[in-house]
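Scroll down for the structure; my scribbles are underneath it.
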Amino acid sequence: MEDAMRALLVGIMIGLSSSSILFASEAQRLRLQIGHVSSPLELTGTVGLGADNALGARIAYERLFTERFGLEVGLASSQHDLTLVIVNGVPRTSSFRMSPLTLSGTLHVGDSNRVDSYFGAGLAYVTVSDYTPAGSSESISVDSELTWTVQYGMDIALGRKQRLSAKKKRWSLGFSVSYMQGEAEAGSLSLPLETVNISAGVVWQLR
């Protein structure tokens, strides 16, 4: 089921990209961003898991079907340092990579010729790499998780003032804030996956 869901989201991304041949008039945007990803695991008490904040990268493709509504497929990745506090209080450190694949509907608001704000909500398929605590030879596997995500973004056009919907290639600065909440299973542990991602980067309007 998990492999099927991941294949479905990837297929949608490929389908949206390739459909530009048939629907050349519709606006398409490619976003490349880096930013701050909050810790997905909070450490509480003397026994548990905790992870540091991390620098993350994200690539997303959006197709606008109308002036206001679109679909966005994105893939993000961040590597977090992990601390496992065992019973005797001695910390064991490791690291893991978290890679959410997202599919969101986007609603663009406002009438500015230079700034385009949008809200998004949808699904996130989160893959977490296996990790091996320091001092242990046993790798711990983390199940992939299907959860939900919401975001707010803003694209600010560069260059001369003109509408973002213009049918020509153009560059913009892109800023976004997203929130994701879920829970994954790692052996006998239930791991919360709750993050806030604050990103900035460039946006290329393909059409």
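The values are calculated or read from the model by the stated rules, or taken from the named source; none is laboratory data. Owing to the predicted nature of the structure, the values given are computational and were not obtained by experimental measurement. A quick note on method: Cβ atoms are made from the backbone with ideal geometry, for glycine too, and the neighbour counts reach across all protein chains shown. Surface accessibility is based on the protein's heavy atoms, side chains included, excluding ligands, DNA and RNA. Shrake-Rupley method; radii C 1.70, N 1.55, O 1.52, S 1.80 Å.
The set of residues in the stretch 118-129 that are out of contact with any His (no Cβ under 7 Å at 6 or more places or on another chain) and modelled with pLDDT of 85 or more comprises 119, 120, 121, 122, 123, 124, 125, 126, 127. Of all residue pairs spaced 6 or more apart or on separate chains, those with beta-carbon atoms under 8 Å, a first member in the stretch 52-64 that is over 20 Å from residue 40 (Cβ atoms) and assigned to a strand (DSSP E or B) and a second member that is among the hydroxyl-bearing types (Ser, Thr, Tyr) and modelled with pLDDT under 95 are 61/17; 63/19; 63/20; 64/165.
The number of residues in the stretch 77-114 that are part of a strand (DSSP E or B), modelled with pLDDT of 70 or more and charged (D, E, K, R) comes to 2. Condition first: part of a strand (DSSP E or B) and open to solvent by 10 Å² or more (accessible area, probe 1.4 Å). Now tell me which residues in the stretch 65-75 satisfy that. Residues satisfying the conditions are 69, 71, 75.
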